[in-house]
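Below is a structure I'd like to ask you about.
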Amino acid sequence: MKESPRPYHHGHLREALLKAAEKALESGGAQTISLRELSRELGVSHTSPRRHFADKQALLDALALRGFERFEIALGRAAAASGDFKSRLTKLTRAYVNFALKHPALLSLMFEAKHRVDAPRELLEASEKAFAHAHSTYAAGQAAGEVIPGDPWRLSLVVFAAMQGLMVLSTNGKFKGIPLDHLVGEIIERIILGLRPR
C-alpha cells in the first residue's frame with residue numbers, strides 16, 4: 001500500500017508555517033508559538049520547519065517582515081490618494097488604525113522586532129519603507145504650503161504617536177464607547193491646526 005504524500009513541499013511549507021504562526025500569534029501571542037506544535041498542526045515532521053527557519057526567532061522575524069510588507073501596501077494606497085494634505089493625512093492615519101485593529105498582535109510583534117538590537121537588516125528596511133509614506137505625505141504638504149517647515153520624519157512622529165496612543169487607550173476599537181474611526185478625524189483636525197504655517 002502506497003504512503004500518502006506529505007501535504008507540503010519545500011515551497012509550500014514556509015507559507016503554511018507563516019500562516020499558522022500568524023493565526024497562533026493573534027489568538028494567543030508570540031509566547032504560544034512553537035515550531036514543534038506548528039509541525040504537528042500541519043502534519044509534517046518536527047524537523048521540517050528548520051529547512052525554512054533556523055529557530056522560533058527566525059520565524060517571528062519572517063512574520064514581522066511580512067507584516068511590514070502588508071503595512072507598507074496599506075499605507076501606500078492611502079498616501080497615493082489625491083487631495084489636500086488634510087484629506088491625505090486622514091486617509092493615512094485611518095489606514096494605520098484599520099491595520100492595527102485587524103492585526104493587533106502582529107503590529108505589536110512588528111514594533112518589537114524592529115527595535116531589537118539584532119533586528120535583521122531586511123526587516124528594518126521594510127519598516128522604513130512603510131513609514132516613508134508618512135514622510136512623503138508631510139513633504140508634499142510642505143511643498144503645497146499647508147505644513148510648517150521642518151523635518152518631515154519628525155513631524156510625522158506626532159501623528160503616529162497620537163494614533164498609537166489612541167490604540168493603547170482603546171478597548172475593542174473604541175474609546176469611551178466612541179469608535180476609533182470617528183476619533184481619527186477629530187485628532188487630525190487638531191494636529192493640522194498645529195502644523196499650519198504661522
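The values are calculated or read from the model by the stated rules, or taken from the named source; none is laboratory data. Every value quoted in this text rests on a predicted model; they were computed, and no experiment measured them. Cβ placement follows ideal geometry from the backbone for every residue including glycine, while neighbour counts extend to all protein chains displayed.
Picking from ALA100, ALA78, which residue would you name as being within 22 Å of ALA139 (Cα to Cα) and within 20 Å of the chain's Cα centre (by Cα)?
Numbers: ALA100 fails: within 22 Å of ALA139 (Cα to Cα).
Only one candidate passes the filter, namely ALA78.
Need the failing condition index for PHE68 against (1) more than 13 Å from the chain's Cα centre (by Cα); (2) at pLDDT 90 or above, just the number.
Going through the list (1) more than 13 Å from the chain's Cα centre (by Cα); (2) at pLDDT 90 or above, PHE68 breaks only (1).
Next question. Could you grab me the full set of residues in the range 130-161 that are without any contact (Cβ under 8 Å) to a residue 12 or more places away in the chain and hydrophobic (A, V, I, L, M, F, W, C)?
Across the range 130-161, the qualifying residues are ALA132, ALA143, LEU157, ALA161.
Let me spell it out: the conditions are (1) part of a helix (DSSP H, G or I); (2) closer than 27 Å to PRO152 by Cβ, and ARG116 meets all of them except one. Which number is the exception?
Among (1) part of a helix (DSSP H, G or I); (2) closer than 27 Å to PRO152 by Cβ, the lone unmet condition for ARG116 is (1).
Could you run through the range 137-190 and say how many residues are basic (Lys, Arg) and assigned to a helix (DSSP H, G or I)?
2
State yes or no: is ALA143 within 22 Å of ALA64 (Cβ to Cβ) and out of contact with any helix residue (DSSP H, G or I) (no Cβ under 8 Å at 6 or more places or on another chain)? Give the derivation first.
Details: within 22 Å of ALA64 (Cβ to Cβ): no; out of contact with any helix residue (DSSP H, G or I) (no Cβ under 8 Å at 6 or more places or on another chain): yes.
No; evaluated as a whole, the condition is false for this residue.
Considering only residues that are within 23 Å of the chain's Cα centre (by Cα) and of a type in the set (Lys, Arg), look in the range 1-56 and name the one that is modelled with the lowest pLDDT.
ARG14
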